[in-house]
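Below: the structure, in C-alpha cells.
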Amino acid sequence: MNRTNAIRGSVGDRLFLILIYVFFVFVLAIIIYPLIFILSSSFSSAQAVVSGRVWLWPVDFSLEGYRVIFSNPAIMKGYVNSIFYTTFGVMINIVMTIAIAYPLSKSTFVGRNLIMMILVFTILFSGGLIPTYLTVKSLGILNTRWAMLLPGALAVFQVIIARTFFQTTIPKELNEAAELDGCSDIEFLWRVVLPLSKAIIAVLVLFYAVGHWNAYFDALIYLKSPELFPLQIILRNILILNSVDAGTLVDANRLAALQGLRDLLKFSLIVVATLPVLCIYPFVQKYFVQGIMIGSIKG
Amino acid sequence: MGNTGILKAGHTRIRKNDKKSFAFVAKRTLKGMKRHWQLYLLILAPMVYIIIFKYIPMYGAQIAFRDFSIVKGFAASDFVGLKHFEMFFNSPNFWLLIKNTLGISLYSLAIGFPAPIILALALNEVKNTKFKKTMQMVTFAPFFISTVVMVSMIIMFLSPRLGFVDYIVRALGFESINFMGVPEYFKSIFVWSNIWQGIGYGAVIYMAALAGINPELYEAAKVDGASRFQKMRHVDIPGIAPAAIILLILGVGQMMNVGFEKIYLMQNPLNVSTSEVISTYVYKVGLLGANFSFSAAVDLFNSLINLILLITVNYVAQKISDSSLW
C-alpha cells in the first residue's frame, strides 16, 4: 500500500518536473531567439535582411552595417557623449550615495530618522515633470552637460541599499575601537569602511552605470544641441523616428537610396549600443543579484 | 565603550527625574552632534541635492493652482484655485486618459505580478545548480537592454516588412498585420514585452526569499510524503508570501505611473487612442505645448492618486496580514 503510494507520488513528481523543464525550454527560446535574430541579422547582407532570409544564422556574412556605423560621425559622437555621461555621472553618484548612506547607517547619528523620512518621501511623492523641468531651467543648466549629471546625482533607492549594507557588515565594535584611537569619522570611512565595502560599491557602480548608459528621457527634455546628445537619443532618431536626416547622417542621400542598408543599420546599431553592457554582465551578474537582494531587505 | 556607559546612566536619570534629564539628554545629544560634525559635513551635498532637485519641485507643484509665468516664478504667479483641475476633469480627454492608464496598469499587474513568481518557483525545483545559474543569467539579460532599443526591437519584429513575427503570421496563412498600428493590440504588446524584459529581474527577489526558507520545513514535508507540487503549495508559496505582498503594495502604489518612457516611444498616430496615458499627456501638453500650469495640475492629480492608493493598500495589507511597507 505504502509502496504504491510512494511510486504514484514519484510518477506525479516526475511528470511535474518534466512540465517544469518544458516550461524552461519555452522561456529560453522566447528570450534567446530575438537576441540571436538581431545578432545574425546584423552580420548579414542588407539584401538578405530585407528579403527575410535571415532566420537563425547570418546569411551572406557581411560587416556592411558596422562599417556604416563606425564611419558615421554622429553615432560616434553619441557614443563618446554616452561614455562621458556614464563615467562622470557614476563618479558623482558614488560619492553622493556613500556620503549620505554612511552617516544614515550609524545608530548614533542624531537626526537619522528624520533624514531617512525626508529621503523616502521623495519616492512616495514628487513635484512632477513640469516643476522639475522649471527648476533645472532656473538653475541655468538647460542644454549643458550638467543637465545630464546633476538632476540624477542621487537615487534614494541606492542610498537604502548602501545604508543596509553598511549597517549589516561594518561591526560597531570596529568603529568604537577606532574612535578610542582618535580616528575621525571621515578617516574611518575612508580607511576602514570603504575597503570593506567593495562589493556594495560594485553594485552601485553597475546599477548607476546601466542607468546612465540606457537613459534617454533627461536628454530628451534637457538637451537641444545635437553635439551633446547621448547615444540613446541618436538611436531613437534613427531606430524609432526613422529619421536619417542630413543633420544626423552625413551620407543621407546614399542611405535613402539604399533602403536595405538602412534596415541593416538598425540591427547593427542595436548590437553596438547593447553589447558593452551585455558583455560585462556575465562577470558582474552575482553583484547585481546581490544588490537586488540587499535592496529587498526592508529599508 | 565609555559612550554606552553614559547612555545607560542617562536612561536611569530619565526615570528618576524627567525635567532634569531632558536638559541632560539635550546636552548630550548636542555633544554627540559636535563630536560627529564630520558626518553632517558628509550629508551636506546630498541634502542640498535632495532639496534642490526634489523638494523645490514639490514646492513648485503649487503652479497647478496658479497661472505660471516665468517672470513671476513659482510662488508669485497669479492664484487661480482649481481652474486647471476643473479644465482637466471637464476635458474630453479625461476619461480616455484614466481608462488607458488604469487599463494598462491593471493588465501589467495581472500578468507582471505572478510571472516572476512562477519563474522563481520553477527555478527552485531545479536541483542542478549549473542549469539554474544559466537559466537565471539568460532570463536576467534582457534587463540590460535600454528602453529605446527595446522599443525599436518591438517595432522591427512586429513590422510587416522586417519582422519575424509577421513572417510567422503569413506562414500560417493570415493576412499581414501592422501590429503597432492597431489600437487594440497596444496594451498586450506593452505588457508582454515588459514581461520579456523584466521577468528575470523580478524573479531574483523571490529566489532570495525561497533560499531563506527553513530547510526543516522541506524535511517535514518529505516525512509527511508530500509531492513536489504539495511542497510548492504548502512550503514555497507561504515562504515567499511576505515578499510578494510588499511587491504587490508597491505595484498598486505605482498604478498611475505606467512606464512612461516606453509608452511614449511606442506611440504613433495610429495607436494613440489606446496608448495616450496621463504621463505622456503631461509631457506633450506641458513641455511640448508649454502649458505649464495645466499639465502640472494633471501631474499633481496623478501623484496624489498614487499616494492615496499606496497608503490605502498598505493599510489593507497591514490589516489582513503582517506585511506592510511601514
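Rule-based calculations on the coordinates, nothing more; no lab input. Bear in mind the structure is a predicted one, so any value in this text is a computation, not a measurement. Note: ideal-geometry Cβ built from the backbone for every residue, glycine included; neighbour counts use all protein chains shown.
Could you give the radius of gyration (one decimal) and Dmax (whole number) of the Cα atoms in segment B:239-326, in Å?
Reported Rg and Dmax, both Å: 16.3, 50.
What number, in nm² with one decimal, is the all-direction average of the projected area of the convex hull of the alpha-carbon atoms of the protein assembly as shown?
If I average the Cα hull's projected area over directions, I get 36.0 nm².
Which whole-number percentage describes the relative contact order of chain A, with Cα contacts under 8 Å and a sequence gap of 6 or more?
It comes to 30 percent, rounded to a whole number.
Which of the aspartates and glutamates could a cross-linker span from B:LYS27 if the Cα-Cα distance has to be under 19 Å and same-chain partners fewer than 8 positions apart are dropped?
B:ASP18
Sort the following peptides by mean Cβ neighbour count (other Cβ atoms within 10 Å, averaged over residues), highest first: A:57-66, B:166-175, B:197-206, A:274-283.
B:197-206, A:57-66, A:274-283, B:166-175
Specify which residue in the list A:LEU28, A:THR144, B:LEU300 is farthest towards the positive end of the charge dipole of the protein assembly as shown, using unit charges on the beta carbon of Lys, Arg (+1) and Asp, Glu (-1), about the Cα centre.
B:LEU300
In Å³ and rounded to a whole number, note down the convex hull volume per residue for the Cα atoms of chain B.
267 Å³
How big is the charge dipole of chain B about its Cα centre, in debye rounded to the nearest 20, if each Lys and Arg gets +1 on its Cβ and each Asp and Glu gets -1 on its Cβ?
It comes to approximately 1980 debye.
Compute a Gaussian network model of chain B, connecting alpha carbons closer than 10 Å, and tell me which residue from B:LYS99, B:LYS130, B:LYS27 fluctuates the most.
B:LYS27
Pairs B:LYS127/B:LYS231; B:LYS222/B:LYS319; B:LYS133/B:LYS187; A:LYS224/B:LYS72; B:LYS99/B:LYS262: which exceed 23 Å Cα-Cα? Walk me through the numbers on the way to the answer.
On the way: B:LYS127/B:LYS231 15 Å; B:LYS222/B:LYS319 33 Å; B:LYS133/B:LYS187 32 Å; A:LYS224/B:LYS72 25 Å; B:LYS99/B:LYS262 18 Å.
Check vs 23 Å cut-off fails for B:LYS222/B:LYS319; B:LYS133/B:LYS187; A:LYS224/B:LYS72.
Distances over 36 Å make up what percent of all Cα-Cα pairs in chain A?
39 percent
Which value in deg cm²/dmol, rounded to the nearest 500, describes the helix-derived mean residue ellipticity at 222 nm for the protein assembly as shown, given -39,500 (n - 2.57) per DSSP H run of n ≥ 4 and division by the residue count?
-22500 deg cm²/dmol
Where nothing but the Cβ of Lys and Arg (+1) and of Asp and Glu (-1) is charged, how large is the charge dipole of segment B:99-230 around its Cα centre, in debye to the nearest 20? Please list the in-between numbers first.
Numbers: 10 positive and 7 negative charges, 50 e Å.
So the magnitude is around 240 debye.
What FRET efficiency comes out for the pair A:ASP60/B:GLU184, r = Cβ-Cβ distance, R0 = 41 Å, nearest 0.05?
Between A:ASP60 and B:GLU184 the formula returns 0.60.
Under the definition of partner shielding as Cβ atoms of other protein chains within 10 Å of a residue Cβ, what is the mean value for peptide B:222-231?
3
Show me B:63-69, A:75-81, B:276-282, B:107-113 ranked by packing, highest mean number of other Cβ atoms within 10 Å first. Display every interim value, and only then the final one.
Numbers: B:63-69: 21.4, A:75-81: 18.9, B:276-282: 23.4, B:107-113: 16.3.
The peptides rank, most packed first, as B:276-282, B:63-69, A:75-81, B:107-113.
Taking a ≥ b ≥ c as the square roots of the eigenvalues of the Cα gyration tensor of segment A:52-167, is the shape rounded (a/c under 1.5), prolate (a/b larger than b/c) or oblate?
Because a/c hits 1.5 or more and a/b exceeds b/c, segment A:52-167 counts as prolate.
Tell me, how many Å apart are the Cα centres for segment B:63-120 and for segment A:6-77?
The distance from the Cα centre of segment B:63-120 to that of segment A:6-77 comes to 38 Å.
Go ahead and set up a Gaussian network model of chain A, Cα springs under 10 Å, then flag whichever of A:MET117, A:MET148, A:MET96 fluctuates most.
A:MET117
Give me the mean projected area, in nm² to one decimal, of the convex hull enclosing the Cα positions of segment A:116-204.
8.0 nm²
Treating cross-link reach as a plain straight distance, find the lysines whose alpha-carbon is under 18 Å from the alpha-carbon of B:LYS132, omitting any fewer than eight places away in the same chain.
Within the straight-line limit of under 18 Å, B:LYS132 reaches these lysines: A:LYS286.
Within chain B, which complete DSSP H helices have Cα atoms spanning at least 18 Å along the helix axis and a mean Kyte-Doolittle hydropathy of 0.0 or higher? It would help to have the intermediate numbers written out before the result.
Working: long enough: B:2-16 (21 Å, -0.77); B:18-35 (25 Å, -0.82); B:37-50 (20 Å, 1.68); B:93-112 (27 Å, 1.05); B:186-211 (37 Å, 1.03); B:237-253 (23 Å, 2.30); B:292-320 (42 Å, 1.30).
Span-like helices, by this rule, are B:37-50, B:93-112, B:186-211, B:237-253, B:292-320.
Principal axis extents for segment B:71-139, Cα atoms only, whole Å, descending order, please.
So the three principal-axis extents are 67, 30, 15 Å.
Taking the Cα centre as origin and putting +1 on Lys and Arg beta-carbons and -1 on Asp and Glu beta-carbons, what dipole magnitude results for chain A, to the nearest 20 debye?
Its charge dipole is roughly 600 debye.
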